[in-house]
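This report concerns only the one structure given below.
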Amino acid sequence: MANRETEILRLDMKQKVNVATLKTNETNPRYIKDSKFKKLVKSIKEFPEMMEKRPIVVDENMVILGGNMRYEAAKAAGLFEVWIDVAEGWSEEKKREFIVKDNVGFGEWDWDILGNDWDNETLTEWGLDVWNPDDEVDYSILDDEDFGSELEDLQNGVKKAIQIPFELEHYEEAFELVKYWREKKGYVGMMLIEKLKYEKDQHEKN
């Protein structure tokens, strides 16, 4: 008898309610891009039965813990009722933990299997990020553009390095000197150039 009562109670936790009775969770850290949201709406319109098998999880106050995006998409799809699963008796800490863990994706797609069973266009419509050769960018529109000055400006703004070998006995001293002047915001490269110019002039005079 006790098992039967438990079974009935469990079934009552899953029910169909008016969408207006649900409350969105403002602390939900998950969001969905507009393009994917439109695909989710389309999926629900075409296959509303999946909402029963993936009910929206709520607490006793009808605040959504899992399925915020499905809830919004269901409304956008024109559904007046949605399936919910009530998480009864959960602490506030457990509710917050569920909100995050419910959105963690542990698995990976086996693209070979998906590719054998479905075409890319269908998978893209369902919201999967599938590479499509038809979506390649046409860079030919840039052929007539002159980016010479922009590239030159970028090149001038890039610092270049010259590798200078030191004998092992001088390495620590050189390292400390470079470190010192960098901390003082000194331009070590110009210091080196000035010193090399001076030595060059002295050498040519002799």
Legend entry - Sorted peptide list for 181-189, 18-26, 34-42, criterion being average Cβ within 10 angstrom, highest first: 34-42, 18-26, 181-189
Inset, instruction - Calculate, axis by axis, the spread of Cα positions in the stretch 2-104 along the three principal axes, and write the results as whole Å, longest axis first. - result: 48, 28, 23
Inset, instruction - Rounded to whole Hz and in sequence order, give me ³J(HN,Hα) for the stretch 170-187 from the Karplus expression 6.51 cos²θ - 1.76 cosθ + 1.60, θ = phi - 60°, writing x for Gly and Pro. - result: 9, 4, 4, 5, 5, 4, 5, 5, 4, 4, 4, 6, 5, 5, 8, 6, x, 8
Inset, instruction - Report the label-to-label distance for residue 38 and residue 103 in nanometres (one decimal), using points 7 Å from each Cα along the Cα→Cβ vector. - result: 2.2
Inset, instruction - For residue 204 and residue 93, calculate 0.36 nm times their separation in residues minus their Cα-Cα distance, and state this gained length in nm to one decimal. - result: 32.1 nm
Legend entry - Distant-in-sequence amide H partners of residue 56 (H built 1.01 Å from N, under 5 Å): 83, 84, 85
Legend entry - Dimensionless Rg ratio for the stretch 159-205, taking C-alpha atoms and the 2.2 N^0.38 Å reference: 1.31
Inset, instruction - Specify which residue in the list 51, 65, 99 is farthest towards the positive end of the charge dipole of the stretch 2-104, using unit charges on the beta carbon of Lys, Arg (+1) and Asp, Glu (-1), about the Cα centre. - result: 51
Legend entry - In nm, spacing of pseudo-spin labels at residue 124 and residue 181 (7 Å Cα→C-beta vector): 5.5
Legend entry - Normalised convex hull volume, the stretch 51-105, alpha-carbon set, Å³ per residue: 80
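Every read-out reported here was derived from the displayed coordinates using simple, explicitly stated rules and does not represent laboratory data. Note that this is a predicted model, so its numbers are computed, not measured. Cβ: placed from backbone, ideal geometry, glycine included. Neighbour counts: every protein chain shown.
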